[in-house]
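Below is one structure; the comments refer to it alone.
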Amino acid sequence: MRMTLGGQAEDILSAPFSARSKVHEYGGGEYLATGDGVYFVDADTQDIHVLSPGQGVCRLTREADTRFADMSHDALRGRLIAVAEHHEAGAHEPENYLVVIALGGGGEVRPEIVARGHDFYASPRVSPDGGSLAWLAWDLPDMPWESAALYIAEIGQDGLLANERKIAGGDGSAVFQPEWSPGGRLFFVWDKSDFGNLHGWDGESITQINARKSELMRPQWVFGMQSYTVADEAHIVAAFLEDGETRLGLIDVNNGEVTPVECDLRSIDSLVPYEGGVALIGASDTAAAAVVAIKPDGGFQILRSAGDTGIAPDDISKGEMLRFQSGRQELYALFYPPVNASHSAPADERPPLILFVHGGPTGMADRGLKLKIQYWTSRGFAVCDLDYSGSAGYGRAYKERLNGQWGIRDVEDVAALTQHLIEMGRVDPERLLISGGSAGGFTVLMALAKLDIFRAGACAYGVSDLNQLQVITHKFESGYLYGLTGTTPDNCETEFTWRSPLTHADGITCPVIFFQGLEDKVVPPEQSRSMVHSLKTRGVPVSYSEFANEGHGFRSAETIIEVLESEYAFYARVLGLEPDQVLREIKIDNWPD
């Protein structure tokens, strides 16, 4: 999409093209806009194409078994620098490296490798004068938020890199989002002091721009994530995560002072310069995600909204940030009470609870208006979205609480949250439900096996067998389980077995509903099928749905609707609810007559 000079949003990429990268399986960084056109990774071929004004789409690369992402424009030499991932037939795992792609030849070109040797690369960024390249790199078994290091090299007359050196990160700390200022100063986020704070490098030394207990680091599951943008040589606009809340601020890079930018946005992502101000993607408690422009005078303008929800303000449940204790440590969660202006419960009735467990597990609960949550709160359910130990947004130490403790500490946090809500009188202790997907599905299954407090659970493409997962997992996550379980490749098998929900399936006695995409390469169908089979054979009520053409995370509207309606019908059956709406017909094996 683009915003025209006349202020109209329009689609500029016509069928059959779709911009999507599959590097690291999760992708991101699939397009780059320059003065010459828009360069993008085509979803089907994974090759780079260019969309030029008046010329349509032209293909730039034709590399077999190769994927591209995260492009940067080297305007001085007329070329792109990008991340590439080559899947050699028969190879144990793909190779990742940086390549250059010459432009202006009028046809397809062969990429040339300029940096290799690390397991992963990200964020290649060319300096404004074209003399240097900055990038991130890290190696297995680490994830980028654990040990991504910042590298810098000179770009020689031959276009190759010289005098490469690491300037920050690695060895127990991580760097995120390197960006150059117009004058050639390199900014980046570094978590060496626990929280991801802004730093600057002037070619000789590093200066910490700001030091505060707020988070600019983001878990880089996908390319192109941005928590800040360089407004000018002296100012940076940033989205801080502070005590669970999102706060927008203007950083003076000369003294580190932060001037708050007042707004009602609860989620803020993808900040970029725009017409003297900035543009970003943001959502408030009452409005769906939108592309928002913040003008130099501080005014806000919605450039493109995800759509009018059609929900009256009185029918919207707003997230309330909770702070509570799990053991001796503080935890955070977002609580959404049931809200529906047309209906009310008896004064002495407490609502059923759906406890959401986010994926990752290095992720965080979504902020801002989420229609999935409103679906439940408008039907009389309370929802609580838990930022359990290991979640992003609260500093490195908070993330590292889950190291060696996955399936243990997160389950303890689930128990602590439910107890906290019960003691507050916010929910009905006899009607507790739990729902999650992917790594969140893992925690759902472990909680159901270890905690005898839930009436039912819902698991979407959840992890159930760690040994099987380790065998088939993709390169990007191939070292992830070792840190989460405190193991190494030499001693992991026994611990993986013990940590797997499949091992503890006999502890699950309440009904469970499962959803699974058949094209899931991250958590394949065998994970869900094994768990369903185990529950079925023991007589536990279980419902299972598979979806063709769906991968890790459901995309089609039809699937999303079916999953929500099926989950609602499932909970209604379990809790004995008789809502006004006609419920979807679902099959539940072992359901008592």
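Quick note: the coordinates plus some simple rules give every number you see, no bench work behind them. Computed from a prediction, not measured in an experiment: that's the story for all the values here. Here Cβ is always computed from backbone atoms with ideal geometry, including for glycine, and neighbour counts include all displayed protein chains.
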Geometric extent, Cα atoms of the range 336-465 - Rg, Dmax (angstrom): 14.7, 47
Column: log10 I(q)/I(0), Debye, Cα scatterers of the range 313-575, q = 0.07, 0.11, 0.15 Å⁻¹: -0.23, -0.57, -1.10
Contact order relative to length of the range 371-432, as percent, for alpha carbon pairs under 8 angstrom and 6 or more apart: 22 percent
Euclidean distance of C-alpha centroids, the range 126-179 and the range 15-37, integer Å: 22 Å
Computed over the range 1-115, Kirkwood Rh from alpha-carbon pairs, angstrom: 14.7 Å
Gyration tensor verdict on the range 2-224 (Cα atoms; rounded if a/c is under 1.5, prolate if a/b is larger than b/c, oblate otherwise): prolate
HN-Hα J in Hz across the range 258-274 - Karplus 6.51, -1.76, 1.60, θ = phi - 60°, x for Gly and Pro: 10, 9, x, 10, 6, 6, 9, 6, 9, 10, 9, 9, 6, 6, 9, x, 7
Three principal axis lengths of the range 387-439 [C-alpha, angstrom, descending]: 34, 22, 17
Test item: Cα-centred dipole of the range 199-293, Lys/Arg +1 and Asp/Glu -1 on Cβ, debye: 300 debye
Taking the chain and dividing mean pair separation by its residue count, relative contact order in percent (alpha carbons under 8 Å, at least six apart): 7 percent
Residue-span extension gain [GLU400 to ILE311] - 0.36 nm each, minus C-alpha spacing: 28.1 nm
Hydrodynamic radius of the chain per Kirkwood, over alpha carbon pairs, in Å: 25.4 Å
The chain - mean residue ellipticity at 222 nm from DSSP helices (-39,500 (n - 2.57) per run, n ≥ 4, rounded to 500): -4500 deg cm²/dmol
Euclidean distance between Cα centres, the range 281-295 to the range 459-497, Å: 37 Å
Spread of Cα-to-Cα distances over 10 Å intervals beginning at zero, given as percent, for the range 30-83: 25, 58, 16, 0
Kirkwood hydrodynamic radius of the range 332-393, Cα pairs, Å: 12.5 Å
Label point distance in nm, VAL582-ALA75, each placed 7 Å from Cα along Cα→Cβ: 6.0 nm
Nearest-0.05 FRET efficiency for TRP498 and GLN8, computed from C-beta distance (R0 51 Å): 0.30
Cross-link table LYS318/LYS521; LYS450/LYS587; LYS22/LYS318; LYS22/LYS295; LYS399/LYS587, entries beyond 32 Å C-alpha to C-alpha: LYS318/LYS521; LYS22/LYS318; LYS22/LYS295; LYS399/LYS587
Relative contact order (percent, whole number), the range 313-575, Cα cutoff 8 Å, 6+ residue spacing: 16 percent
